1. Taking H placed 1.01 Å from N in the peptide plane, check which residues at least 5 places from Val172 or on another chain put their amide H under 5 Å from its amide H.
2. Please list, in chain and number order, the residues 5+ apart from Gly79 or on another chain whose amide H is under 5 Å from its amide H, with Hs placed from the backbone.
3. Starting from the Cα of Ala63, step 7 Å along the direction of its Cβ; do the same at Asp175; then give the gap between the two resulting points in nm.
4. Mean separation of Cα pairs under 8 Å and 6+ residues apart, divided by the residue count of region 52-160: what relative contact order is that in percent?
5. Amide H neighbours of Val52 under 5 Å, at least 5 residues apart or on other chains, H built in the peptide plane: list them.
6. Please compute P(r) over all alpha-carbon pairs of the chain, binned at 10 Å starting from zero, and give each bin as a whole-number percent.
7. If the only charges are +1 at each Lys and Arg Cβ and -1 at each Asp and Glu Cβ, what is the size of the charge dipole of region 5-193 around the Cα centre, to the nearest 20 debye?
8. I'd like the distance separating the alpha-carbon centroids of region 30-108 and region 125-195, in whole Å.
Amino acid sequence: MTIAAADVTGIVLAGGMGRRMGGVDKGLVPLAGRPLVAHVLERLAPQVGAIVVNANQNRDRYAVFGHPVVADEVGGFAGPLAGLHAGMTAATTPYAVTVPCDSPFLPGDLVARLAAGLEREGAQIAVARTFAQPHPVFALVDRRVLPHLTAFLAGGGRKIDAWYASLPVAAVAFDDVEDAFRNINTIDELRAAIVPPECA
């Protein structure tokens, strides 16, 4: 079976507190005159059948982009797994892919390559990596694992690596586009970021 774009819901993770950027909502910080999340949505939209934004603050401002906005069901800004859980709960497709709101250069073939890796290895999760560096918040997930994730969170689990370790995971190499996974965590990184022509 080939996983088509229509089978995948994109979950944009914008539920954090932006501590390293001085407590601002990173997805709404401008880059080249547009919010970071706008760049992410533009790159992701052609690759998926639907998009959900996971945000725990400024939900009205995220809703302006035309996609459903869902907050964590787990309180206390519990991290990307809580965002994945909220997004998968809202999704209706067989698969979901997560991307962070602060990675405006994400690959245009991210979902296709993750899907190929998931199918090739018969895994339930496919995670991007560049060389020896995994990128756990760039992941394609089979929605049938939602009850497993719900139980993990209910038991107090929060670490994404620990949850992944309990399931069959395919690591998918993106060594050829290492820069595509740059994220913008600080004001200095924002100032240094240059939007490539194909992303502008």
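Only the coordinates and a few stated rules stand behind these numbers; no lab work does. Given the structure is predicted, the values throughout are model-derived calculations rather than measurements. Cβ coordinates were reconstructed from backbone atoms using ideal geometry, including for glycine residues, and neighbour counts include every protein chain displayed.
1. So Val172 has HN proximity to Val127, Ala128, Arg129.
2. Answer set, sorted by chain and number: none.
3. A separation of 4.7 nm, rounded to one decimal place.
4. 26
5. Residues meeting the criterion, in which the H sits 1.01 Å from N, are Gly10, Ile11, Val12.
6. Calculated over all Cα pairs of the chain, the distribution is 9, 39, 39, 13, 0 percent.
7. For region 5-193, the charge dipole is close to 380 debye.
8. 14
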